[in-house]
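Take a look at the structure set out below.
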Amino acid sequence: MAAPYDLNDDGVVVIVGSGAGGGTLGTQLALKGIDTVILEAGARHETWDFINDEWDSFSQLAWKDKRRTSGDWRVSKDFPNLPAWIVKSVGGSTVHWAGASLRFQEHEFKTKTHYGDVAGASLMDWPIDLTEMEPWYAKAEGRMGVTRTNGLPGLPGNNNFKVMEAGAKKIGYKEVHTGRMAINSVPRDDRSSCLQIGFCFQGCKSGAKWSTLVAEIPKGEATGKLEVRPECMVLRIEHDAAGKVTGVVYADKEGREQRQKARIVAVAGNSIESPRLLLNSHSSKFPDGLANSSGQVGRNYMRHTTGSVYGIFEKPVHMYRGTTMAGIIRDEARHDPGRGFVGGYEFETLSLGLPFMAAFLDPGKWGRDFSSAMDNYRNMAGMWIVGEDMPRAENRVTLSDETDEHGMPIPDVHFDDHENDTAMRKHAYGQGKAIYDAVGAVRVIETPPYPSTHNLGTNRMSEKPEDGVVNRFGQAHDVANLFVSDGSQFTTGAAENPTLTIVALALRQADHIAGRMSRGEL
Amino acid sequence: MRQSTLATDRRGFLKAGAGLLAMTIMPSGLVVGDAWAQMPRSTKPETFAALVQMSRDCYPHDALKDASYAKAVEILDEAARSSEADLALLEDGVAKLNKAAGDKGGSDYASLANEADRAAILEAMAEDPFFQKVRSNLVVGLYNQKDLWPVFGYEGASADQGGYIDRGFNDLDWV
């Protein structure tokens, strides 16, 4: 049974957000017997509520609260109020994610060491390394049922994968397969195997895809130690005279302000909302925002160097059939400055339905050139580029002068591409075209980045308090009982989809919090 | 795809979906048909017809009938019923199109025979709020018409049919 906790219960751990970080942390704490309340801004939509329709699903699940954008990224021009395509619903963006579950490479935890000084980038080594993370990655993979780990078979390749695989092998790529996916290739964990529905982004209707909604939170709730409170938008975190946090103020479903007391607060609202909340929690003691003595809250916003390549062929592909992202090429993921940039990137299969293709293929474009591409939708194959982007202090989330319905300042997301990002994207577009040309593409289209799904880095982890917001366990340098549990704690972004690392960090953080609580340190 | 406008567009689109089947746009640009004639309209008939032609010129799909573009224009027309500013934007915008057509020797935009001439007129006003309104409306207003998806080879929802695991997710045999 889900335990309802009293607003004045100051013994609970309060977690803001129920996605990969918050949903995992809350569940793991509950499994360890710790009283936990997750406050989730979105409503609770279950598997059977999901909609196989791109726009209707977007209306149901997406975080649509107004945001602002600035900077030279094209998203700011095409989607000025939608910097990110993420979720406002119980389960957070694990409802939307495609399942790609990759470990970081060793050098990606130590970019300053391996890449050296890159002008205009705020590279820094993580205070942790791959060796330390390996057991946690293993735990996360086991829990999530990642294919190609723990003896789980890979998913079968769909049509879109067949095209990418054939082209990749023709141009000499070696590491090409259907991915390490947190999508059941066989029934397990009381969930079915993948039915190749093709609407992974819209919430998996078969339950085969791991999400905190279907695979974590119910287990936490079953302990009687976890309460998930949906439609609760946290507005600020409060603290006492000593600088310890005491609870949070949130707007409930009816818009009324409530105050939930807490022993510990963990922030996991994704990399736009988490810094927004900390910045909005300013006080006379912390005039620049909570946990912000370094001035780093909101800075180093990263979104991965992305882009898509769509190939048009003479014969049908029907790329939208089947698992969206069960296809990967890893040959370019290495760090090899000989290509003209530091860091690396992955190619992963990707498809959009016709409605989203119209919106995203080349936003704003019109005329015969555009419509003729759409005419060939059935003959299209697609892949996504996901690579490491450079952290930059000026790429940041700030509070704007406009407020939302709760009186909370809306966030502005500023992003300028670093020249390393641009060089990497150009290289990837070229290689992507070569892949499709190798199997007879009649036309190849370079699609610009979508609104960000990988939002990272705005509460970065650092060894020294002056360099970042949180320490090696995601604990705020400035506030002992305040934690950050989402991708905003990433010091740098790596080339891999971030969810597996967020989950591994959350499991590790739960262990840390529980240990310190039991020792009376928190 | 800003959501505030999207929600409105979707409602408008769903409403506009009814009652248009009996409509035809004649070569003259006039719209005829019983169901069509009975619908309330804010834009002048010639304006509406010009907007239909303009919509086709924005996203020309030879396989689509004018009725599909008209369904999208209906969203704009409906919004203009309660907004004088929206109505003025459409009427004034079409007047600009027609003036530009006159400069090319035509009587009005919709009757300019050469697609390239019409495209050139649109290109010249691509930054105009009127053009952006008509074009952006089509992204959802045209491509989210479910009855058109088969024309493009898109099959839509699949969970209700058990996904594609037994329906061709890996049926490609040409690579």
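The values are calculated or read from the model by the stated rules, or taken from the named source; none is laboratory data. Remember, predicted model here, so these are calculated numbers, not experimental data. Every residue, glycine as well, gets a Cβ built from its backbone with ideal geometry; the counts of neighbours run over all protein chains shown. Side chains are part of the model used for accessible areas, which takes the heavy atoms of the whole protein and leaves out ligands, DNA and RNA. Shrake-Rupley method; radii C 1.70, N 1.55, O 1.52, S 1.80 Å.
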Scan region A:35-84 residue by residue and report those that are within 12 Å of chain B (Cβ to nearest Cβ), under 16 Å from A:Pro411 (Cα atoms) and in a helix (DSSP H, G or I). A:Val75
For region B:54-76: of the residues being charged (D, E, K, R) and assigned to a loop (DSSP other than H, G, I, E, B), which is surrounded by the fewest Cβ atoms within 10 Å (Cβ to Cβ)? B:Asp62
Which of (1) among the polar types (S, T, N, Q); (2) within 22 Å of A:Val16 (Cα to Cα); (3) open to solvent by 40 Å² or more (accessible area, probe 1.4 Å) does A:Gln105 not meet, given it meets every other one? (2)
Within region B:90-103, identify whether any single residue is in contact (Cβ under 8 Å) with a residue 24 or more places away in the chain, open to solvent by 30 Å² or more (accessible area, probe 1.4 Å) and facing chain A (nearest Cβ under 10 Å), and answer yes or no. no
Anything in region A:358-371 that is more than 8 Å from chain B (Cβ to nearest Cβ), closer than 22 Å to B:Lys146 by Cβ and not in a loop (DSSP other than H, G, I, E, B)? List them, or say none. A:Phe360
Just to be sure before I move on: is A:Leu155 among the aliphatic types (A, V, I, L, M), part of a loop (DSSP other than H, G, I, E, B) and either within 14 Å of chain B (Cβ to nearest Cβ) or open to solvent by 40 Å² or more (accessible area, probe 1.4 Å) (or both) in the structure I sent? yes
Single unsatisfied condition, B:Glu127 versus (1) within 13 Å of chain A (Cβ to nearest Cβ); (2) part of a loop (DSSP other than H, G, I, E, B); (3) open to solvent by less than 40 Å² (accessible area, probe 1.4 Å): (3)
Return yes or no: is A:Asp190 free of Cβ contacts under 8 Å to residues at least 40 places away in the same chain and surrounded by fewer than 22 Cβ atoms within 10 Å (Cβ to Cβ)? yes
(1) within 24 Å of A:Ser101 (Cβ to Cβ); (2) within 14 Å of another protein chain (Cβ to nearest Cβ) all hold for A:Phe313 apart from (1)
Before we move on, is A:Phe347 closer than 28 Å to A:Thr458 by Cβ and in a strand (DSSP E or B)? yes
Can you find even one residue in region B:157-175 that is within 14 Å of chain A (Cβ to nearest Cβ) and either over 28 Å from A:Leu195 (Cβ atoms) or within 19 Å of the chain's Cα centre (by Cα) (or both)? no
Would you check which residues across region A:158-187 are open to solvent by 50 Å² or more (accessible area, probe 1.4 Å) and more than 11 Å from chain B (Cβ to nearest Cβ) and list them? A:Ile171, A:Lys174, A:Glu175, A:Arg180, A:Val186, A:Pro187
